[in-house]
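Below is one structure, written out as structure tokens, with a few remarks after it.
The values are calculated or read from the model by the stated rules, or taken from the named source; none is laboratory data. Values in this document were obtained by computation on a predicted structure and should not be read as measured data. Heads up, the Cβs are rebuilt from the backbone with ideal geometry, glycines too, and the neighbour counts pull from every protein chain shown.
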Amino acid sequence: MRIRRTISTFLPGLLALAVALLVLLPVAASAAGPHKKSAKHKKSAKPHKAAATKKQRPLYWGAWIGDQLTGEEPPWDMSAVSRFEGLVGKGLSLIALGSPFADCTSPPCKFYDFPTTAMDNVHHYGAIPFFNWASQATSSDPAGATVMPDFQLGDVIEGDYDAYIREFAESARAWGHAFFLRYDWEMNGDWFPWGETINGNNPGEYVAAWRHVHDIFTAVGATNATWVWCPYAEVDRHFAALAPLYPGDEYVDWTCMDGFNWGSNPTNPHTWKGFAEIFAPTYNKLVKRIAPSKPIVLAEMASTGHGRPKAKWIHNMFEELRTDFRRIRGLIWFDQVDRGVDWPLETSPAAARAFSKGIRKRHFKGNGQAAVVASPIRPPG
């Protein structure tokens, strides 16, 4: 969705500019007609049930925390993680961070290095880094969010960025610890320049570009990256079919979903939707047809709202994860402010308490993950 939340950059002085530019993207593909004022929730689609037992399966959990807590995003500022941990009462096993390929706000473009120091901060804390890497650039042109002729899928396929990708992969290998790599996510939408329907891209190029980048990592021995393929879960609009965008089991380690309960906020108004309404349709496609052997992580998810409605949404989420979404083995709360939308837990004490109550259960793993060395990373046991 256009709803581009921020992609963190590695140069603190450029962060504010990058955020300001990225949120100029057109309001997303997820906007679906006029908002219907209704207090009733639609009946949720029932997800595919993987097992009869209802015992909670272990999950990794974490957050993609913005700069609203301390003025700088973690893991560059780990005091923000400490504040978030204090809010929910438990250490995180996943910490999300991210970067585009380059900063092109002024010529020449400057390409971002592998963030060794930031990754070290996560590892030393005891969590697993969840790195979001985007084949795009920050740009001073507001239209550049989706129109980037120098960052088309064909450019990646034809090797224009091979030297950069190889150097990045070699640095990842040298870092040496296991991490999740979510590359070019929400590919089924039209708000990122790697979407096949925009930016001069063509059908079939997303898979070819993914495989090309993956092959470079494999060739240099950067096998400590666990590859995460992450479409956007949307129920209001028809997006691109997922199966033609799936790179194949040999190129994907975990599948994934992003999804949000937008509610009636003025930025992108929708009807209020429960957790199952948002995620069940895509979940069923993943577990039944597209990648039945792969574990699933929620890489960006949150609900708008305050007080009891948001708290109830979170309470229901934890119940449904236990009973109906048992293939989901990790979740990341999107704890950032996007044009005033109240995603962060700290905006609602009741929501923070509900999240804390759910996450404190022993099945949600804390920050004792520094010893995780298997590659690809397996679901927690």
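Within the stretch 68-84, restricting attention to residues that are in contact (Cβ under 8 Å) with a residue 60 or more places away in the chain and charged (D, E, K, R), the residue that is surrounded by the most Cβ atoms within 10 Å (Cβ to Cβ) is GLU73.
A quick yes/no check of all residues on (1) in contact with a strand residue (DSSP E or B) (Cβ under 9 Å, 6 or more places away or on another chain); (2) modelled with pLDDT under 95:
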| site | (1), (2) |
| --- | --- |
| SER79 | no, no |
| LYS90 | yes, no |
| LEU97 | yes, no |
| PHE101 | yes, no |
| PRO108 | no, yes |
| ASN121 | yes, no |
| TYR125 | yes, no |
| GLN136 | yes, no |
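Of the residues making up the stretch 123-132, not a single one is crowded, with 21+ Cβ neighbours inside 10 Å, assigned to a loop (DSSP other than H, G, I, E, B) and of a type outside the set (A, V, I, L, M). Inspect all residues belonging to the stretch 199-211 and state whether any of them is out of contact with any strand residue (DSSP E or B) (no Cβ under 6 Å at 6 or more places or on another chain), surrounded by fewer than 18 Cβ atoms within 10 Å (Cβ to Cβ) and under 25 Å from ILE377 (Cβ atoms). Yes, that holds for at least one residue. Among the residues of the stretch 283-340, those identified as surrounded by fewer than 22 Cβ atoms within 10 Å (Cβ to Cβ), β-branched (Val, Ile, Thr) and in a helix (DSSP H, G or I) are ILE290, THR323. When ASP160 is tested against (1) over 18 Å from the mean Cα position of the chain (by Cα); (2) touching a residue at least 40 places away in the same chain (Cβ under 8 Å); (3) farther than 30 Å from PRO379 by Cβ, just one condition goes unmet, and that condition is (2). Just to verify a result, which residue in the stretch 221-247, among those that are touching a Leu at 6+ places or on another chain (Cβ under 7 Å) and under 22 Å from ALA276 (Cα atoms), is surrounded by the most Cβ atoms within 10 Å (Cβ to Cβ)? The residue in question is VAL228. Taking ALA280 as meeting all but one of (1) in contact (Cβ under 8 Å) with a residue 60 or more places away in the chain; (2) in a strand (DSSP E or B); (3) more than 17 Å from TRP227 (Cα to Cα), write down the number of the exception. For ALA280, the failing item is (2). Checking the condition farther than 20 Å from TYR112 by Cβ and either aromatic (Phe, Trp, Tyr) or without any contact (Cβ under 8 Å) to a residue 24 or more places away in the chain (or both), which residue from TRP191, TRP185, TRP133 passes? From the options TRP191, TRP185, TRP133, the qualifying one is TRP191. In the condition set (1) assigned to a helix (DSSP H, G or I); (2) surrounded by fewer than 21 Cβ atoms within 10 Å (Cβ to Cβ), GLY91 is compliant with all but (1).
Counting the residues of the stretch 312-357 that are over 20 Å from PRO380 (Cβ atoms) and of a type in the set (Val, Ile, Thr) gives 4. Pairing each residue of the stretch 354-368 that is assigned to a helix (DSSP H, G or I) and modelled with pLDDT of 95 or more with any residue that is aromatic (Phe, Trp, Tyr) and surrounded by fewer than 15 Cβ atoms within 10 Å (Cβ to Cβ), provided the two are 6+ apart or on different chains, yields no C-beta distance under 6 Å. The set of residues from the stretch 163-181 being among the aliphatic types (A, V, I, L, M) and either in contact (Cβ under 8 Å) with a residue 60 or more places away in the chain or touching a strand residue (DSSP E or B) at 6+ places or on another chain (Cβ under 9 Å) (or both) comprises ILE165, ALA169, ALA172, ALA178, LEU181. Would you pick out the residues in the stretch 246-268 that are over 19 Å from the mean Cα position of the chain (by Cα) and part of a helix (DSSP H, G or I)? Passing the criteria: ASP249, GLU250.
Look at (1) more than 26 Å from PHE130 (Cα to Cα); (2) assigned to a helix (DSSP H, G or I); (3) of a type in the set (Val, Ile, Thr) and you find that THR271 fails only one, number (2). Taking first residues from the stretch 203-222 that are within 17 Å of ALA178 (Cα to Cα) and partners that are in a helix (DSSP H, G or I) and of a type in the set (Asp, Glu), the Cβ contacts under 6 Å between residues at least 6 apart in sequence or on separate chains come to VAL220/GLU170. Residues in the stretch 207-245 that are in a helix (DSSP H, G or I) and of a type in the set (Val, Ile, Thr) were compared, and the one that is farthest from PRO295 (Cα to Cα) is VAL220. Scanning the stretch 356-381 for residues that are closer than 22 Å to TRP227 by Cα and surrounded by fewer than 16 Cβ atoms within 10 Å (Cβ to Cβ) returns GLY368, ALA370, ALA371, VAL373, ALA374, SER375, ARG378, GLY381.
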